[in-house]
Structure formats: structure tokens, C-alpha cells
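As C-alpha cells, the structure follows; a few thoughts come after it.
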Amino acid sequence: MKPIDHFNLRSFDLNLLIAFDALVSACSVTKAAHRLRIQQPAMSHALATLRVLLADDVLVRTGAVMQPTAKAAAMAPHVGSLLRQAQGILTAEDRFDPKTEQRIFRFGFSSELEVFLMPTLAAYLQRHAPGIRLLSRGSPRSEIHALLDTGALDIAVGCFDFGLERHCGVQLYDQSLACCFNPDLIDSDAPLTVERYLALPHVLMTLKDDIQGCLSEALTEIGEELNVVLAASDFLTALAAAAAAPVLATLPSQIAHQHAAHFGLTLRPVPLDLHIPAVSMVWSARNDRDPASVWLRDAVVTILTNNARARP
């Protein structure tokens, strides 16, 4: 199949194909003009242009009626087929049936959001859209917008911004922090003051090359720095470290309340006033109206907001 010659094709007004189809099917300049809702002189001008471009009369008078020439009659089925295809493409409705959709969606996450969302979302999809599969990855804030732009990610969930025109988003819920520690290794009776909190060794979560972890910006904002001995990419590592060593693990409250007890850890509120960005869902503007994406984003909103309400 020959490739489309865009340069030469652009010199031909494709509206003339519509005029050609109307003329040949109506066999009348007046009737063709009525079909296209234009004046007869405009239709006569289109016919004259077609005759020049095709080097053919297109319509000729035979007695009291006009008939297409042999060339026009041969062209007519192909032009009609082409116009019907174009009409079908332009008027086609986006069809989406979750029960039959076969597709992979790529998610990017910050911190603990993957473990909150994916188990419940996977169960939901198995019930309602078994052909939709999920591929997830941890994604630093600094990279998330580029990954959405290139299509490496379809949806990002975490502490992400969506102020740029090429991105869309929705805020899901506000975050809070808690710290946990092993009461056999750190005295749980002593008050966790600001001074003691800053002096104790810490383990944090991070998705970037920063020992202050995901709290780096919040700590810089208040002019403080923690004594971080471990910055891990996974909250389970942070909790396990807090169970094994005399360190404080500062984590999102949802994670701390859900998992700290499994490691025998004690919970305390963080004594610093740290500003943590809200959890948002972000996607590329080019996918904003894609029916499958809209359906899946609605499911994410429902699951995460319900999870957030159900936990401290």
C-alpha cells in the first residue's frame, strides 16, 4: 500500500469529494446544491473545478437529464466508500465495557499509596473488569510529570502537583504523620518532645537520593533536620528497622496505624508541625476523556477516599 502523499493531496480541496458524491448521486446541480445546503452558483463552481482537476466533464446532459461520465461512474463507488468511512470515524462513539475491556494501566506512586490502593483496586477489577491489568511503580515527584507526558505512566497517585495545563488531577485527601518505635529499645514512658524527637536516630522513606527522605521539603520549610540513619524505599523496611534498632520510624499515619502493631511498635504523634502535601491523583490531559481511564479513575477515587475515612 502506497503511503499518503500529504504534500500533493493538500493541493486538492477534499470538500470537492463531497460535492462530487452529491453531484453524481443526484445527477443534478440543483439537487446536489440542496443536499449540501449551498446556493446553486456555488455548486456550479464546484462542478467546474472538478471538471478541471479531473480532466473530465463528470456530468453530461443526455436529453432532459444529466448522467455521470464513464470516469465519474467508475470513481463514484470509491468516493462514496471513502466518505462513509470518514463519516463513521468522525461520528463513532467511544465504547467502553468494563467486562470486555482488555488493557494495561500503568500507575506511579509515592510512599505508601501503592499498598493502600492496589490490593483493593485489584479485587475490584477482578469483579467488574477482569481484562484490565495493572502495572505499578514507585515514582519520585521530580519525575512524575515527565513519565505522564511520555506515556510511561497513565495515572499517578501521591503527593503530586497538577497545576500545569497538560496535566489534570484531583485532590483525594490530606495526609498526616505518626512515628513508631520499639518500646524495648526506646523508653516509651518519656515524653516525645521536639528536642527528644530531633535528637533520636530516625528511619524514613524515600524515593530519591536524599537522606532526609520524603520529609526533606517539610523539614527544610521549618528549618530543622533529623538524625537519619536509614532512608529506605519501602515502608516495611522502615518498620522492620524500627523493630530491630533504637530508631524512630516517621511514616504516614495510615501506614503506621495499620502495620506498626505487627512489628510490636508503639505509636506517637510527631511533635513537629510538618506540612505534608495532600494526596492527589494526576493524569495526562490527553487521557482526560478516555472512557476506560475515566472509569478507572472514578474507581480509584472511591477506593482511596473510603480507605482514608476508615483509617486514623
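No value in this document is a laboratory result; all are computed from the given coordinates. These figures come from a predicted structure and were not determined experimentally. A quick note on method: Cβ atoms are made from the backbone with ideal geometry, for glycine too, and the neighbour counts reach across all protein chains shown.
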statement: Final fewest-first order of SER280, SER25 on the 10 Å Cβ neighbour count is SER25, SER280
- request: Return a whole-number percent for the relative contact order of region 6-91, with Cα pairs under 8 Å and 6 or more residues apart as the contact set.
  value: 26 percent
- request: Quote the charge dipole size of the chain about the Cα centre in Debye, to the nearest 20; the model charges only the Cβ of Lys and Arg (+1) and of Asp and Glu (-1).
  value: 2200 debye
query: How do the peptides 240-248, 82-90, 54-62, 260-268 rank, highest first, by the average count of neighbouring beta carbon atoms within 10 Å per residue?
result: 240-248, 260-268, 54-62, 82-90
message: Through the Karplus equation 6.51 cos²θ - 1.76 cosθ + 1.60, θ set to phi - 60°, convert the phi angles of region 135-143 into ³J(HN,Hα) values in whole Hz; use x for Gly and Pro.
response: 10, 10, 7, x, 9, x, 4, 5, 10
- request: Could you run the Karplus curve 6.51 cos²θ - 1.76 cosθ + 1.60 with θ = phi - 60° over region 146-160 and give me ³J(HN,Hα) per residue in whole Hz, x for Gly and Pro?
  value: 5, 5, 5, 5, 7, x, 5, 10, 9, 9, 10, 10, x, 7, 10
query: Given H placed on each backbone N at 1.01 Å, which residues far from ALA232 in sequence or on other chains put an amide H within less than 5 Å of it?
result: LEU204, MET205, THR206
- line: So VAL65 and ASP290, fully extended at 0.36 nm per residue minus their Cα-Cα distance, gain in nm 76.0 nm
query: If you place +1 on the Cβ of every Lys and Arg and -1 on the Cβ of every Asp and Glu, how big does the dipole about the Cα centre of region 177-269 come out, in debye to the nearest 20?
result: 240 debye
message: Quick check for me: using +1 on Lys/Arg Cβ and -1 on Asp/Glu Cβ, what's the dipole size of region 39-139 about its Cα centre, in debye to the nearest 20?
response: 180 debye
message: Among PHE107, LEU172, ALA86, whose Cα projects farthest towards the positive end of the dipole of region 83-191, with charges put on the beta-carbon of Lys, Arg (+1) and Asp, Glu (-1)?
response: ALA86
- request: Determine, from the Cβ-Cβ distance of LEU83 and ASP298 and an R0 of 51 Å, the FRET efficiency 1/(1 + (r/R0)^6), rounded to the nearest 0.05.
  value: 0.85
field: Residue-wise HN-Hα coupling along region 253-258, computed from phi with Karplus coefficients 6.51, -1.76, 1.60 (Hz; x: Gly, Pro)
entry: 4, 4, 5, 4, 5, 7
task: Give me the angle, in degrees from 0 to 90, between the Cα long axis of helix 15-26 and the longest principal axis of the Cα atoms of the chain, rounded to the nearest 10.
output: 50 degrees
- prompt: Got the relative contact order for region 71-134 handy, in percent, Cα pairs under 8 Å and 6 or more residues apart?
  reply: 45 percent
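Kirkwood hydrodynamic radius, computed over distinct alpha-carbon pairs, for region 177-269: how many Å, to one decimal? Working shown, then result.
Numbers: mean 1/r = 0.0771 Å⁻¹.
Kirkwood hydrodynamic radius for region 177-269: 13.0 Å.
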message: 5 Å is the cut-off here: which amide hydrogens, built 1.01 Å from N in the peptide plane, fall below it relative to LEU153, excluding neighbours closer than 5 in sequence?
response: LEU148
- request: Pairs of Cα atoms under 8 Å, at least six residues apart: use those to get the relative contact order of the chain, whole percent.
  value: 19 percent
- prompt: Between ASP97 and ALA152, what length in nm is gained on full extension when 0.36 nm per residue of separation is reduced by their alpha carbon distance?
  reply: 17.4 nm
query: Taking the Cβ-Cβ separation of HIS275 and GLN126 as r and a Förster radius of 45 Å, what is the calculated FRET efficiency to the nearest 0.05?
result: 0.75
field: Interchain or long-range residues, amide H under 5 Å from ARG133's placed H
entry: ARG103, ILE104, PHE105
- line: Rounded to the nearest 10, the angle in degrees between the Cα long axis of helix 113-128 and the longest principal axis of the Cα atoms of the chain comes to 50 degrees
field: FRET efficiency, 1/(1 + (r/R0)^6) with R0 51 Å, evaluated for VAL52 and ASP161 via beta carbons
entry: 0.35
query: Which of (i) 8; (ii) 29; (iii) 46 is the computed percent of Cα pairs over 37 Å apart for the structure on display?
result: (iii)
task: Enter the angle in degrees (range 0 to 90, nearest 10) between the Cα long axis of helix 235-244 and the first principal axis of the Cα atoms of the chain, meaning the one along which they spread out most.
output: 10 degrees
